[in-house]
1. Quick check: anything in the range A:171-182 more than 19 Å from the chain's Cα centre (by Cα) and over 24 Å from A:S28 (Cα atoms)?
2. Tell me, yes or no, whether the range A:324-332 has at least one residue that is touching an Asp or Glu at 6+ places or on another chain (Cβ under 7 Å) and either in a loop (DSSP other than H, G, I, E, B) or not small (G, A, S) (or both).
3. May I ask you to list the residues in the range A:83-99 that are in a loop (DSSP other than H, G, I, E, B), free of Cβ contacts under 8 Å to residues at least 60 places away in the same chain and either on the phi > 0 side of the Ramachandran plot or not aromatic (F, W, Y) (or both)?
4. Spot the failing condition for B:D81; the list is (1) assigned to a loop (DSSP other than H, G, I, E, B); (2) modelled with pLDDT of 90 or more, and only one is missed.
5. Considering only residues that are under 13 Å from the mean Cα position of the chain (by Cα) and β-branched (V, I, T), look in the range B:256-306 and name the one that is surrounded by the most Cβ atoms within 10 Å (Cβ to Cβ).
6. Considering every residue within the range B:210-232, establish whether at least one is touching a Gly at 6+ places or on another chain (Cβ under 6 Å) and either on the phi > 0 side of the Ramachandran plot or more than 11 Å from chain A (Cβ to nearest Cβ) (or both).
7. With the structure loaded, tell me whether A:M124 is at the interface with another protein chain (Cβ under 8 Å from one of its Cβ atoms), hydrophobic (A, V, I, L, M, F, W, C) and in a helix (DSSP H, G or I) or whether it fails that test.
8. Suppose the filter is more than 18 Å from B:I205 (Cβ to Cβ) and either assigned to a helix (DSSP H, G or I) or not assigned by TED's automatic domain parsing to the domain that holds A:I150 (or both); does A:L45 pass it?
Amino acid sequence: MKAVDVIDLDVRYGAHQILEAIAFSVHSGEMIGICGPNGSGKTTLLKAMSRIIAPAAGEVYYNGEQMDTLSFRMLAQRVAVVPQETAINFDFTVSEIVMMGRHPYIGRFASESREDHAICDRVMRLANVSHLADMPVNQISGGERQRVLIARALAQEPDVLLLDEATSHLDISHQIEILSIIRKEMEKTATISVFHDINLASCYCDRIVLLNDRKIAAMGTPVQVITRDLIRCVYGIDVIVSSHPTTGRPYILPAYQDPMDEKRGGRVHIICGGSMGSQLLGMLHLTGCVLSAGVLNVLDSDYVTARDLGIPLISEAPFAPISASSSSLLKQWLEESDLIILVAMPVGMGNLSNLRMVSHYPKKTVILGSIDEFEDFTSGEATMILGNLLEGGGEECASPDQVMKRLCYREESSCSVPNSGSRLENLT
Amino acid sequence: MRYRGPATIFLLLVALSLSMLIAVATGPTSVPFASIFQDATAHQIIFDIRLPRVIAAVLVGAALATAGTAMQALFKNPMADPYIIGTSAGGSLGAVASIVFLAGFGLPVFAFTGAVGATFLVYTIARRGGKIPVETLLLTGVALSMFLSAMLSFLMYTSGKSLHQIVFWLMGGFWTVSWDQVWVALVIPVGCLLIYLFARDINIISLGDDEAVHLGVNVEQLKILLLFASAVLAGIAVSIAGAIGFIGLITPHLMRNIVGPDHRVLFPAAILAGALILLWADTFTRTLGNEMPVGIITAFLGAPFFMYLLRRRSAV
């Protein structure tokens, strides 16, 4: 049975629709992240799921029981909520606050049993707040207070845990600490958490629900949901999506500038390798030129950058030499290009055929860096080709900025970089 | 422990018991202990005049303290007391209407009805879609209090000869108390006990309404219970002794400083303290105060003390 089942939930404030046809389910032990822009209804969804506001339509089931059929006490035995940030005005102690988590289990005429005290002691140890037990809760730090609220939620022994940006106001170490506690200690609990930080959600969640404009825009594993297209569609910004080196989860970096909507510019091909081309790739990406790159080896860091930016590229397996088919594709792409940018890089026998191909088009080639910066592992052939390139009309540019200016200059004849002047200078 | 709950309650209990004995024993007429059971007049003074008055003062003090504590938790506002939501103004209007139109006939009933009726009116106006937002309730109470005060002023303006009686009644006092009122006042312990049963829920609701829902408290039901139990307690208090201010406001503050915010300890402590304060205020007016209205004494001593508490708290 599913721990949580949300069926076609609609929420309205008066005539104003906040959520529309929200439907998803969560299994025990699973952690779901709710992401979405401000005003997309994330917090409202949690409120509707914890009976703070009544939905206009739809139902919420917890372990097969419909929420409205449960009493407040019974609901609190099944579902715990950790709020965003709470100001507690009355100076209850930490242990008194945690004991409030046992409230739904204690009868009207009863007081706390030994078992209740044992549970509170245990959860305070788990949340690492035992040493604060007798402190007034309004005299501890924000991170400590949030851990106290986690302990209180643990004391409720819930099947379902709802977190409303429970870590947003904390520093990064406390965010990680608290989410790790939850993942570790709530193995059988279904957790639904609102996140502002998509990277944090990606790291801790099994699945992500992406809300936009009242509805679910996408739902699935972090890899399925955190894509450049979906983020652009929902948040309206351009991001670079990469894979986190230690967790393997996707993470995003904002590009901070939007690429041109239309691909109005000319066609530019970049030949690079190592990590020499990454910065240039990023800058060119914003200009609106039609870009292509290669031939690059898979896992080369320039390869990763080009892939993350969505630039079409020709690739070879890691450490494999450039094959004949790649070479002929490269020839075709170079033929179609208005401009070829060759980035200074180490050249060995494996990638020498990149240079050989470029040598046919010296007039439309720009070299980033001087030819002396190329490391030649080909006993002189690379150096010779580069020399010929310069003689045939190829130009050297000392920095990416200079390449960009060069691009603008060529503009007038072939490649049309939009807004060239101001836009490109902003990049420096 | 930061707070000394049980010890404070024990001390207050002892102090209250002793004070009741002393209060019964003192008065304008001195009654030798030996004469109580021999002299009929002495017996009458002790058992028909002083004892009901002492018991009434104790119960009214307890009622006001309980209602004040409950209101402060419900409104999450330390300025709240049973009078803030119009209970006092309603009770006063009922009493004054009885004095003006019926020459004081059925005054306690009118006062009680006015107090509870005003609370019900505030509740009905503030209610929106099955919920009572606390801010709306508070503001509605303040507005209704002003409206009722205006009606009260109008009645006083047109009252003619009975103005003196009205003013005297409004200041609050126990000089008319007999056993009849004490029997009615026995509802007070029942009301206090009912509220006390929800002490744990009240602790939780003081954190905030949403959090209380998350912890399994039926918040809207609890609000109704607190509102009407407090209104009944304050209504009975008003019907017996008129509008006595400051007990409901000060005792919860005073006791929260000593025993802490846990209502399971705070309620008994506030009840005992409220009873003790009102008993001594009444004993003072009975013996040395020339029967001036006790409301004058509670306000005269209470307001400066309250300011002292505020100063001390903001200094922390």
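1. Residues of the range A:171-182 more than 19 Å from the chain's Cα centre (by Cα): A:174, A:177-178, A:181-182.
Going one step further and asking which of them are over 24 Å from A:S28 (Cα atoms), we end up with A:174.
Within the range A:171-182, one or more residues are more than 19 Å from the chain's Cα centre (by Cα) and over 24 Å from A:S28 (Cα atoms).
2. Within the range A:324-332, the subset touching an Asp or Glu at 6+ places or on another chain (Cβ under 7 Å) is A:326.
From the residues that got through so far, the ones that are either in a loop (DSSP other than H, G, I, E, B) or not small (G, A, S) (or both) too are none.
For the range A:324-332, residues touching an Asp or Glu at 6+ places or on another chain (Cβ under 7 Å) and either in a loop (DSSP other than H, G, I, E, B) or not small (G, A, S) (or both): absent.
3. Of everything in the range A:83-99, those that are in a loop (DSSP other than H, G, I, E, B), free of Cβ contacts under 8 Å to residues at least 60 places away in the same chain and either on the phi > 0 side of the Ramachandran plot or not aromatic (F, W, Y) (or both) turn out to be A:A87, A:I88, A:N89, A:D91.
4. Evaluating B:D81 over (1) assigned to a loop (DSSP other than H, G, I, E, B); (2) modelled with pLDDT of 90 or more leaves (2) as the failure.
5. Only one residue fits best here, namely B:I271.
6. Step one: of the range B:210-232, the residues touching a Gly at 6+ places or on another chain (Cβ under 6 Å) are B:229, B:232.
Right, trim to either on the phi > 0 side of the Ramachandran plot or more than 11 Å from chain A (Cβ to nearest Cβ) (or both) and you get B:229, B:232.
Taking every residue of the range B:210-232 in turn, at least one turns out to be touching a Gly at 6+ places or on another chain (Cβ under 6 Å) and either on the phi > 0 side of the Ramachandran plot or more than 11 Å from chain A (Cβ to nearest Cβ) (or both).
7. Values: at the interface with another protein chain (Cβ under 8 Å from one of its Cβ atoms): no; hydrophobic (A, V, I, L, M, F, W, C): yes; in a helix (DSSP H, G or I): yes.
For A:M124, the condition - at the interface with another protein chain (Cβ under 8 Å from one of its Cβ atoms), hydrophobic (A, V, I, L, M, F, W, C) and in a helix (DSSP H, G or I) - is not met.
8. On the way: more than 18 Å from B:I205 (Cβ to Cβ): yes; either assigned to a helix (DSSP H, G or I) or not assigned by TED's automatic domain parsing to the domain that holds A:I150 (or both): yes.
Here the answer is yes, as A:L45 does meet what is asked.
The values are calculated or read from the model by the stated rules, or taken from the named source; none is laboratory data. Nothing here was measured: the structure is a model prediction, and the numbers come from that model. Virtual Cβ from ideal backbone geometry, glycine too; neighbours counted across all protein chains shown.
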